[in-house]
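Below is one structure, written out as structure tokens; the observations come after it.
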Amino acid sequence: MLKYTVVGAGLFGSVFAFEAAKAGHQVRVIDKRNHVAGNIYTKQIEGIQFHQYGAHIFHTSNEEIWDYVNQFAEFNRYTNSPIANYRDEIYNLPFNMNTFNKLWGVISPLEAKVKIDEQRAILNGRSPENLEEQAISLVGTDIYEKLIKNYTEKQWGRSCTELPPFIIKRLPVRFTYDNNYFNDKYQGIPIGGYTQIVEKMLDHSKIEVNLNVDFFENRKELEDDADKIVYTGMIDQFFDYTLGTLEYRSLKFETEILDIDNFQGNAVVNYTDSENKFTRIIEHKHFEFGTQPKTIITKEYPEDWEKGEEPYYPVNDMKNNDLYGQYKNMAKENSKYIFGGRLGMYKYFDMDKVIFEALKTAKVELRLK
Ligand code: FAD
Ligand code: UDP
């Protein structure tokens, strides 16, 4: 009998499997896709590491997580500095002195703050209750209109007045001329791509990997065969949606290989207008300072999620968080199952948080020091 069956060969499942195998347990990892690595999967096309499920930039302030991931790959010095294209006006992101200067001609941080203060006055000092108010309170109405409103409404498929404030708080606002998108201490892209990280985790004599296997099509055998199930798919699907369906956002990716060496001069360009239905164009080679003769670009179109589509983003508003809370209580009732990852825990986790959660789960479950 196996000790663990891990459903999902993404980052959570693979970190857990690696730790369990190191602790001496026999583990089976299944995935319904035909490859490992989940959404961090990359593969080489035209000599370029192609991020199949959207651009992934590793960043963390947690030294333990940085050291952990560095066991499996060497990281380059890539610093994410996306730009925004609003009807062919180009602005730097995140919102910083370069953005404020281009928009208003202001030179000093004090001038920028005065401008933002003037614009946020329309809130009359009340604390923000939705994303629109949060955005105006952080950066004023001009930036909200040109760089936030349309992008956010395309991304989440609803009005900024109906979205929770926390989504926009992910982005730094800086009164320095610094275009680094993240505040984290460590950042980079694994040289040679992300897939190798997961492949190395799963390359262990105690781990068996079975691809093209859907948990729900083989549930009985898989459950009978293992002491415990570590499940990283959608938690509502696990319980057959008995309490209701959680909402997710999905994406469609439109990829082209172009016979030119440089399409947009930057890895990430956000389209913050409402006319283009995609939110961003990724030019994959720039994550690795590529000098190949061709280039690969991907346009990212957000979509409503329906059963059968890929659930890329949980929608962590109050209604969905409440429903998730009820599923979480159901999950606690049976100690055979452990739920983890972005879909199993229904949280908008970045990669470093997923590794952190997987290590935390492994420590408790495997009684590691
Ligand atoms: P997943 O990678 O989704 O893995 C779950 C796996 O379970 C999948 O392989 C799936 O096929 C499998 N599975 C599900 N159901 C079943 C079933 N029934 N049977 C068998 N297998 C099943 N994070 C960052 O830190 N930086 C970034 O720049 C970044 N960019 C992102 C961009 C996009 C477009 C998206 C969607 C996410 C981004 N993330 C980023 C987040 C990152 O992708 C996640 O934190 C991470 O991949 C989550 O790992 P996971 O193991 O929880 O889930
Ligand atoms: N956002 C925006 N304009 C931008 C980039 C981001 O308004 O040009 C908002 C948008 O609401 C988005 C949120 O900031 O959902 C968080 O952005 P982030 O880049 O962290 O999103 P992710 O990488 O998860 O897609």
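All of the numbers you see were taken from the coordinates with simple rules; none came from a lab. The structure displayed is predicted, hence computed values, not measured ones. No Cβ is skipped: glycine too gets one built from the backbone with ideal geometry, and neighbour counts run over all protein chains shown.
Among Tyr231, Tyr151, Tyr68, rank each residue by its count of other Cβ atoms within 10 Å, from fewest to most, as a rough exposure measure. Please list the in-between numbers first.
Numbers: Tyr231 24, Tyr151 21, Tyr68 18.
Ascending Cβ contact count within 10 Å gives the list Tyr68, Tyr151, Tyr231.
Starting from the amide H of Val268, placed 1.01 Å from N in the peptide plane, find each other amide H under 5 Å away whose residue is 5 or more places distant or on another chain.
HN-HN under 5 Å from Val268: Ile83, Glu283.
Express in whole angstrom the spacing between the alpha-carbon centres of segment 328-348 and segment 41-93.
28 Å
Take every DSSP beta bridge with both residues inside the chain and express the antiparallel ones as a percent of the total, to the nearest 5.
Working: 31 of 51 bridges.
The antiparallel fraction comes to roughly 60 percent.
What pairs in Lys43/Lys220; Lys154/Lys319; Lys307/Lys347; Lys102/Lys319; Lys32/Lys228; Lys32/Lys185 have C-alpha atoms more than 28 Å from each other?
Numbers: Lys43/Lys220 33 Å; Lys154/Lys319 20 Å; Lys307/Lys347 19 Å; Lys102/Lys319 39 Å; Lys32/Lys228 19 Å; Lys32/Lys185 35 Å.
Too far apart for the 28 Å limit: Lys43/Lys220; Lys102/Lys319; Lys32/Lys185.
Based on the mean of other beta carbon atoms within 10 Å per residue, what is the order of 83-91, 137-145, most packed first? Could the numbers behind the result be given before it?
Details: 83-91: 15.4, 137-145: 20.3.
In decreasing order of mean packing, 83-91, 137-145 become 137-145, 83-91.
Taking the Cα centre of the chain as origin, sum charge times position over the Cβ atoms of Lys and Arg (+1) and Asp and Glu (-1), and report the length of that vector in debye to the nearest 20.
On the way: 45 positive and 55 negative charges, 173 e Å.
The dipole magnitude comes to about 820 debye.
Considering the chain as a Gaussian network with a 10 Å cut-off on Cα pairs, which listed residue, Phe287, Phe50, Phe216, attains the greatest mean-square fluctuation?
Phe216
In straight Cα distance, which aspartates and glutamates are under 18 Å from Lys113, not counting same-chain residues fewer than 8 positions off?
Output for Lys113: Glu133, Asp142, Glu145, Asp178.
Using the 10 angstrom Cβ neighbour count as an exposure proxy, how do Ile282, Ile189 rank, fewest first?
On the way: Ile282 23, Ile189 26.
Ordered by Cβ neighbours within 10 Å, fewest first: Ile282, Ile189.
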